[in-house]
1. For region 205-213, check the following and say yes or no: at least one residue is more than 19 Å from VAL142 (Cβ to Cβ) and either in contact with a strand residue (DSSP E or B) (Cβ under 8 Å, 6 or more places away or on another chain) or open to solvent by less than 100 Å² (accessible area, probe 1.4 Å) (or both).
2. How many of the residues in region 70-114 are closer than 17 Å to ILE145 by Cβ, in contact with a Phe, Trp or Tyr (Cβ under 9 Å, 6 or more places away or on another chain) and open to solvent by 40 Å² or more (accessible area, probe 1.4 Å)?
3. State whether the residues of region 106-127 include one that is at pLDDT 90 or above and out of contact with any Ser or Thr (no Cβ under 8 Å at 6 or more places or on another chain).
4. Scanning region 55-69 for residues that are of a type outside the set (Lys, Arg) and open to solvent by 80 Å² or more (accessible area, probe 1.4 Å), which turns out farthest from GLY105 (Cα to Cα)?
5. Check GLU176 against each of (1) in contact with a Ser or Thr (Cβ under 7 Å, 6 or more places away or on another chain); (2) without any contact (Cβ under 8 Å) to a residue 24 or more places away in the chain and name the one condition it does not meet.
6. When you scan region 45-62, do you find a residue that is without any contact (Cβ under 8 Å) to a residue 24 or more places away in the chain and outside any loop (DSSP other than H, G, I, E, B), even just one?
7. Taking into account only those residues within region 144-182 that are among the hydrophobic types (A, V, I, L, M, F, W, C) and not in a helix (DSSP H, G or I), which is farthest from ARG195 (Cα to Cα)?
8. Taking the residues in region 172-182 that are open to solvent by 30 Å² or more (accessible area, probe 1.4 Å) and in contact with a helix residue (DSSP H, G or I) (Cβ under 7 Å, 6 or more places away or on another chain) as candidates, determine which candidate is nearest to SER95 (Cα to Cα).
Amino acid sequence: MIRSGRIPIENMGILDENPNLEILQFPITKFFDIPPQTTGGSGPIEIISDTEPLLRGWLMERKISSYFCNKIFRHSVFDGLQFPRGYYEDRYLMSQVLRRVKSVGISGQGCYYYRQHPAQTTRQPNDAEMSRNLLGAEASIVKAIQGYKSLNRVKVDRYLNCLAHAKALGASLWEEEKELLKSIRPSIAEINLLRLKPQLALRCLIWNILSIDRYLKFF
């Protein structure tokens, strides 16, 4: 992967003018084999504040990306946090970061150029390690959005992703991973509010009745 960034001085000025702003995101150009282009947006930045709007802005509205490379952070954001080893570390850590910060600014100034190449790790075959890392990342998101009713649909969708990765791991699924799946399983009450398609609703009902081992064998 080739990465390069341009951070106009205006973005640093935004942080100076907004001392309560903890993260500032600027544009990213993804997956193009062309020279990077600087995005010269204008006008006021968008500021998203408080935990639930921040999580919605990330998981539903797609205003906040999972990438860390196109953001400027205050040092205090990472107190006690570190990136895990393995794949999808951005997705895993973003769920924790957005639970601890109070405000994120979205700027139209600048550009982070992100280009994939064939040797990039996330373009390799989806082996057991990748499934395990994806399970951990998706589970961290489900844990982060517990208790937010507006995110119940996201919670169920992400939990289904967890089950898919658990199914891929099969017999190699660790006992602690089974306990994790059990601890974040959506309740029947949460599921009933979503008006799911019959087939998906049936799957949700079955996983609430069966143990994880029996559920994975059932499907």
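The values are calculated or read from the model by the stated rules, or taken from the named source; none is laboratory data. Not measured: the values here are computed from a predicted model. So basically every Cβ, Gly included, is an ideal-geometry build from the backbone, and we count neighbours across all protein chains shown. In case anyone asks, the SASA skips ligands and DNA or RNA and just uses the protein heavy atoms, side chains included. Shrake-Rupley method; radii C 1.70, N 1.55, O 1.52, S 1.80 Å.
1. yes
2. 1
3. There is at least one residue in region 106-127 that is at pLDDT 90 or above and out of contact with any Ser or Thr (no Cβ under 8 Å at 6 or more places or on another chain).
4. Checked region 55-69; the qualifying residue farthest from GLY105 (Cα to Cα) is MET60.
5. (1)
6. Yes, region 45-62 contains at least one residue that is without any contact (Cβ under 8 Å) to a residue 24 or more places away in the chain and outside any loop (DSSP other than H, G, I, E, B).
7. TRP174
8. The residue in question is LEU180.
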